[in-house]
1. Could you tell me the distance between the Cα centroids of the range 274-294 and the range 299-324, to the nearest Å?
2. Computed from the mean reciprocal separation of all distinct C-alpha pairs, what Kirkwood hydrodynamic radius does the range 127-172 have, in Å?
3. What is the extension gain from GLU287 to LYS310, computed as 0.36 nm multiplied by their sequence separation minus the C-alpha to C-alpha distance, in nm to one decimal?
4. Just how large is the dipole of the range 63-216 about the Cα centre, in debye to the nearest 20, putting +1 at every Lys and Arg Cβ and -1 at every Asp and Glu Cβ?
5. Return the whole-Å distance between the Cα centroid of the range 102-136 and the Cα centroid of the range 204-259.
6. Convert 37 °C to kelvin, take the viscosity as 0.692 mPa s, use the Kirkwood radius over C-alpha pairs of the range 63-216 as Rh, and evaluate the Stokes-Einstein diffusion coefficient in µm²/s, rounded to a whole number.
7. What are the ³J(HN,Hα) values, in whole Hz, obtained from phi via the Karplus relation 6.51 cos²θ - 1.76 cosθ + 1.60 with θ = phi - 60°, for each residue of the range 199-212 in sequence order, with x given for Gly and Pro?
8. List, in order, the whole-Hz ³J(HN,Hα) value for each residue of the range 393-399 obtained from phi through the Karplus relation with A = 6.51, B = -1.76, C = 1.60 and θ = phi - 60°; use x for Gly and Pro.
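Coordinate-derived values only; no laboratory data. Not measured: the values here are computed from a predicted model. Here the Cβ positions follow ideal geometry from the backbone for every residue, glycine too, while neighbour counts run over all protein chains shown.
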Amino acid sequence: MKKLNLWMLTAILTVSGGMTLTSCTDKSDNPVEDSPSVQTRTTFENQLSATLDKAVRYQNLPITMHATDVLTEFIEQLNMEALSPQIGQIIQSVLTGSLPQTFSTLGDKEAEAREALKNTFSDFQAEQFILTDANKVLSGVSMTFTEGEKEMKYETGIGSGLTIAYQNPKKNEKSELKLNFTGANDGATLFLAKMGNIIPVAVQFPQAISFTFTHAQGDSQEELMTGAVTLNAAEGKKFISVKGSEWTLGVGANSASPNRYELPMAIMHHYADGRVDGEAGLAINDEIVMYVAIQSQGNPYDDAKMEEYKALREKGPLFAAFYEVLSMFNSQSGTAQLKVMGDLEFDLDVKDVAQAMLALGSARQLYDSNPAKEDMDKLTAQLNQSFTFKVKQLSTNIEGEGTLVTANIDGIFRPSVALRFKGETDYKVMWEQMSEKDHANYESLLKSFDEPGRKLEKLFKAVKQKIGEARNAIHF
């Protein structure tokens with residue numbers, strides 16, 4: 001559950017100003033000033049102050065999200081209704097050069113292909129399937145949506161990649177997303193969809209799909225985002241399914257406008273038994289700001305639990321997207337490691353990932369409406385039941401235990417991280433132990449993550465809406 005848990009960890013950092021810093025014990029209970037535990041806490045706090053001071057220099061995430069803003073607007077403007085008249089042409093493009101395959105002619109790959117089909121469509125029986133090469137089908141296809149027009153310009157044989165463009169003549173601007181297929185066409189063959197519920201379709205992916213997103217206004221053009229996506233099957237395997245096969249998905253993206261931020265590594269490895277692990281890192285101007293590693297464990301949720309967790313759909317686009325992925329990769333538990341600025345490391349033992357996300361979503365909604373303490377207490381308790389964590393400061397080699405408490409910060413109740421170091425009996429949230437400068441840096445850092453989070457939620461919402469509109473246009 002990699003990406004899912006990544007969203008959960010991001011939410012922990014952003015929801016309600018999550019990791020707030022007040023004291024949850026009376027100062028009279030503190031150890032004497034020269035005790036080893038006080039020295040440990042003081043050393044930890046001094047280094048944390050230095051880390052926050054360093055991290056705040058990278059609070060330009062809202063600025064670098066310019067590419068996300070333009071991409072969101074681009075997606076919002078696509079008219080899926082205009083796509084409808086072109087569906088026949090597009091389907092014909094898919095079928096052209098695609099050969100019906102009979103399972104019995106696959107030789108030693110027959111059993112593998114049948115198993116992949118079964119794991120994709122458990123109730124579907126077929127002796128044939130359509131095998132289509134994504135490179136041949138999509139390269140040279142161009143779709144252009146124009147503001148104020150219901151018709152879409154659809155062309156084939158244009159260039160070497162798939163191009164989707166949106167243009168606004170009144171503003172003299174154009175946004176363009178282009179996919180290029182690189183490497184030999186011998187990558188994974190994935191069963192993706194049923195064509196009219198009659199015959200399954202298997203899509204052969206290239207070794208990599210690179211993408212470029214540009215925006216032009218008048219004579220000025222900027223390249224906002226570039227990246228690549230790779231999909232690889234386990235060694236020796238040809239046919240895979242999303243749920244029942246072993247495969248690895250890699251994603252990389254970066255932006256150069258106006259400051260460079262990168263996702264230099266996001267790798268998701270899915271095992272045939274449903275387990276998922278992986279890692280991802282966010283860098284700004286070549287310095288890794290955040291890194292996360294995930295390993296899923298445990299049994300999948302039963303149907304009753306999945307029905308219960310449908311409430312995630314109402315917590316916002318990010319949480320709704322989480323639920324959709326959870327329905328495919330639904331291990332209940334796992335472990336996660338989060339590193340901030342290469343120094344502060346959180347190790348989490350997640351007992352119920354869906355419950356944690358549901359509580360986080362509810363906490364965020366409550367925070368926006370000035371919650372009562374008893375309401376936030378319930379959600380804090382749910383979070384503590386869902387996961388436990390420890391913290392380690394790599395530069396000082398200091399380790400501590402963590403928990404969440406409900407704290408009143410600036411008149412608003414919110415779940416807050418509290419730590420306990422060796423020699424201490426009580427957990428403390430650090431806010432009262434820190435300087436006003438640390439407070440300002442911390443709040444600034446949280447804000448720098450919160451605004452991009454909201455922008456990404458808006459992007460997820462736009463994507464989800466357009467997928468729904470496309471389904472209605474295609475009548476699948």
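1. 24 Å
2. 12.4 Å
3. Fully extending the segment from GLU287 to LYS310 adds 4.5 nm.
4. 200 debye
5. Each part reduced to its Cα centre gives a spacing of 25 Å.
6. Numbers: Rh = 17.5 Å.
Calculated translational D: 187 µm²/s.
7. 9, x, 10, 10, 10, 8, 8, x, 5, 8, 10, 9, 9, 9
8. 9, 5, 5, 10, 6, 8, 10
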